[in-house]
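A.B. asks: Quick one: the structure is below, questions incoming.
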């Protein structure tokens, strides 16, 4: 059944110019590993509950969870996701959010200057000056996906110092892999499930 969900989703999301995350009824689930914690947590991404267009990140940890809805951009020119929130993910705000522009070309770079929005008071409202660079396309073989994906390196500079990340973007699945280098901590977020809800299928 899971394979059927993936096949249907691939047909419907097949595009190379955005409009991936506007498909109501689709869901992404990721594993999350923090180099400082000896466990694997779960992070899901879905359509927001209250006001469209928002996406909801939902982090599940050992003794609880945290969900947040954020605005996003997904059109023929670019995709920009909000960064995930909650617990040890709050410092991710110090690195530019996942972003890619169309058409995609190796060497493309984007500036990203913003005020951090974080539940961590030491991070919230800090000015971040960031850059993202498309470094090329590689064969990605982690988790659910085994296919070519675009690699984007990001760097953020603030009063807390310089932090970096690497994002992998696939034309059908969207952003499938995130790796953040935050000082002593390395956080790895990897897609392991892509699904279509029963509600969405019933409308087709």
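A.B. asks: How many residues are more than 14 Å from the chain's Cα centre (by Cα), at negative phi, surrounded by 15 or more Cβ atoms within 10 Å (Cβ to Cβ) and modelled with pLDDT under 95 if we restrict to the range 24-40? Full working, then the answer.
C.D. replies: Filtering the range 24-40 for residues more than 14 Å from the chain's Cα centre (by Cα) gives 24-26, 33-40.
Narrowing further to those that are at negative phi: 24, 26, 33-40.
Now narrow it down to the ones that are surrounded by 15 or more Cβ atoms within 10 Å (Cβ to Cβ): 26, 33-34, 37.
Among the residues that remain, those that are also modelled with pLDDT under 95 are: 26, 37.
Of the residues in the range 24-40, 2 are more than 14 Å from the chain's Cα centre (by Cα), at negative phi, surrounded by 15 or more Cβ atoms within 10 Å (Cβ to Cβ) and modelled with pLDDT under 95.
A.B. asks: Quick check on residue 103: is it surrounded by fewer than 16 Cβ atoms within 10 Å (Cβ to Cβ) and at pLDDT below 90? Spell out the reasoning first.
C.D. replies: Details: surrounded by fewer than 16 Cβ atoms within 10 Å (Cβ to Cβ): yes; at pLDDT below 90: no.
Taking the combined requirement at face value, the residue does not satisfy it.
A.B. asks: Among the residues of the range 72-86, is there at least one that is touching a residue at least 24 places away in the same chain (Cβ under 8 Å) and more than 20 Å from residue 28 (Cβ to Cβ)?
C.D. replies: Within the range 72-86 (the criterion being touching a residue at least 24 places away in the same chain (Cβ under 8 Å) and more than 20 Å from residue 28 (Cβ to Cβ)), the answer is yes, since at least one residue qualifies.
A.B. asks: Please go through the range 120-150 and pick out each residue that is modelled with pLDDT under 95, touching a strand residue (DSSP E or B) at 6+ places or on another chain (Cβ under 8 Å), part of a loop (DSSP other than H, G, I, E, B) and surrounded by 14 or more Cβ atoms within 10 Å (Cβ to Cβ).
C.D. replies: Listed by number, the residues that qualify are 142, 143, 144, 145.
A.B. asks: When the residues of the range 161-196 are narrowed to those that are at positive phi and in a strand (DSSP E or B), which ends up surrounded by the most Cβ atoms within 10 Å (Cβ to Cβ)?
C.D. replies: Step one: filter the range 161-196 for residues at positive phi, giving 161, 174, 183.
Of the ones still in play, those that are also in a strand (DSSP E or B) are 161, 174.
On the way: 161: 10, 174: 23.
By that ranking, first place goes to 174.
A.B. asks: Please go through the range 64-86 and pick out each residue that is outside any strand (DSSP E or B) and in contact with a strand residue (DSSP E or B) (Cβ under 9 Å, 6 or more places away or on another chain).
C.D. replies: Filtering the range 64-86 down to residues outside any strand (DSSP E or B) leaves 72, 75-77, 81-86.
Selection gives 72, 77, 81, 82, 83, 84, 85, 86.
A.B. asks: How many residues are under 11 Å from the mean Cα position of the chain (by Cα) and surrounded by fewer than 22 Cβ atoms within 10 Å (Cβ to Cβ) when one looks only at the range 86-99?
C.D. replies: Residues meeting the conditions: 1.
A.B. asks: Cβ contacts < 7 Å: first residue over 15 Å from residue 176 (Cα atoms), restricted to the range 13-29; second residue at pLDDT 70 or above and assigned to a strand (DSSP E or B), any location; separation 6+ or different chain. Result?
C.D. replies: Matching pairs, first to second residue: 19/74; 22/74; 24/47.
A.B. asks: List pairs: first in the range 101-118 and touching a residue at least 60 places away in the same chain (Cβ under 8 Å) and on the phi < 0 side of the Ramachandran plot, second assigned to a strand (DSSP E or B) and surrounded by 15 or more Cβ atoms within 10 Å (Cβ to Cβ), Cβ under 6 Å, 6+ apart or cross-chain?
C.D. replies: Note: pairs meeting the criteria are 104/150.
A.B. asks: Return a yes/no flag: does the range 151-160 have any residue that is at pLDDT 95 or above, outside any strand (DSSP E or B) and more than 25 Å from residue 59 (Cβ to Cβ).
C.D. replies: Yes: the range 151-160 contains one or more residues that are at pLDDT 95 or above, outside any strand (DSSP E or B) and more than 25 Å from residue 59 (Cβ to Cβ).
The values are calculated or read from the model by the stated rules, or taken from the named source; none is laboratory data. Not measured: the values here are computed from a predicted model. Ideal geometry is used to build each Cβ from the backbone, glycine not excepted, and the neighbour counts take in all protein chains shown.
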